[in-house]
1. May I ask you to verify whether Ala28 is modelled with pLDDT of 95 or more, under 8 Å from the mean Cα position of the chain (by Cα) and of a type in the set (A, V, I, L, M)?
2. Does the stretch 40-54 include one or more residues that are among the β-branched types (Val, Ile, Thr) and touching a Gly at 6+ places or on another chain (Cβ under 6 Å)?
Amino acid sequence: MATIVLQVTGMKCGGCESTVKTAVSALAGVAAVTPSFKANTVEVDYDEAQTDPETIKQAIQGKGFAVA
């Protein structure tokens, strides 16, 4: 299991956090997602055999948020 913390811009409320959490949680191998609009971060615990940071970034960007 690996953990990544991504800088995400564009999250402005709890609804944004929920959107990001739902999108990333839907990916195979994702065990936990902790978004924070206040810190502009998303922490993701995932199985490296099933997904990777690029796929996680694409899921977030697909919902209209920018990932640094």
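The values are calculated or read from the model by the stated rules, or taken from the named source; none is laboratory data. Predicted model only: the values in this text are computed from it and were never measured. Every residue, glycine among them, receives a Cβ derived from its backbone with ideal geometry; neighbour counts consider all protein chains shown.
1. Values: modelled with pLDDT of 95 or more: yes; under 8 Å from the mean Cα position of the chain (by Cα): no; of a type in the set (A, V, I, L, M): yes.
No, not satisfied.
2. Going through the stretch 40-54, the residues among the β-branched types (Val, Ile, Thr) turn out to be 41-42, 44, 51.
Checking the rest, the ones that are also touching a Gly at 6+ places or on another chain (Cβ under 6 Å) come to 51.
Yes, the stretch 40-54 contains a residue that is among the β-branched types (Val, Ile, Thr) and touching a Gly at 6+ places or on another chain (Cβ under 6 Å).
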